[in-house]
1. Taking the Cα-to-Cβ direction at K113 and at E41 and moving 7 Å from each Cα, how far apart do the two end points lie in nm?
2. Mind grabbing the accessible area of T48 for me, 1.4 Å probe, Å², rounded to tens?
3. Amide H of I95: which non-local residues (sequence gap of 5 or more, or other chain) have their own amide H closer than 5 Å, using H built in the peptide plane?
4. May I ask you to list the lysines whose Cα is less than 30 Å away from that of K57, ignoring any residue fewer than eight positions away on the same chain?
5. What is the Cα centroid distance between segment 54-84 and segment 99-128, reported in whole angstrom?
6. Mind ranking K57, K79, K92 by accessible surface for me, highest first, 1.4 Å probe?
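The values are calculated or read from the model by the stated rules, or taken from the named source; none is laboratory data. Small disclaimer: the values here were computed from a predicted structure and weren't measured. With ideal geometry, Cβ positions are generated from the backbone for all residues, glycine too; neighbour counts draw on all protein chains shown. We work out accessible area using only protein heavy atoms, side chains counted, and drop any ligands, DNA or RNA first. Shrake-Rupley method; radii C 1.70, N 1.55, O 1.52, S 1.80 Å.
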Amino acid sequence: GQSTSSSNSSSGIFWAGSDEIPHEERSEANAQHNYNWENKETLDDHYTRHGSDVGAKDALDYAKKANEFYNNRLQYQVKVDSKGVTRVYDSKNNIFGSYNADGTTRTLFSPTKGQAYFDSQPGVNLGN
């Protein structure tokens with residue numbers, strides 16, 4: 001392993017720099033970039049309130065699950081409103097997600113009213 005570390009010695013600044021960024025900020029930045037969360041400043045709050053609804057282990061995992069839910073939306077009930085907001089509902093697992101027209105996540109949670117909550121949302125049902 002010594003030859004590997006010596007060949008990377010010139011990039012020590014990179015390694016030191018990455019260690020200086022707090023884990024929480026890295027997670028939020030990664031979630032914003034990789035998982036299309038609408039607003040990184042709201043991610044921790046959404047995770048705190050709804051993470052347990054979807055079995056997320058941290059905020060980044062929550063954002064990832066929300067993005068995967070959107071990417072698999074055609075397996076579930078879908079509504080799209082006049083502003084292009086897409087709402088997705090998995091009735092089997094009682095999971096609801098809301099997404100902007102550009103596909104960024106607004107929220108993901110388990111509504112207490114289940115199907116009735118989804119039914120009350122605005123938009124045209126796409127029939128799934």
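1. 3.0
2. In the full protein context, T48 sits at about 110 Å².
3. Under 5 Å from the amide H of I95 lie the amide H atoms of D90, each far enough along the sequence or on another chain.
4. K40, K65, K79, K92, K113
5. Segment 54-84 and segment 99-128 have Cα centres spaced 9 Å from each other.
6. K92, K57, K79
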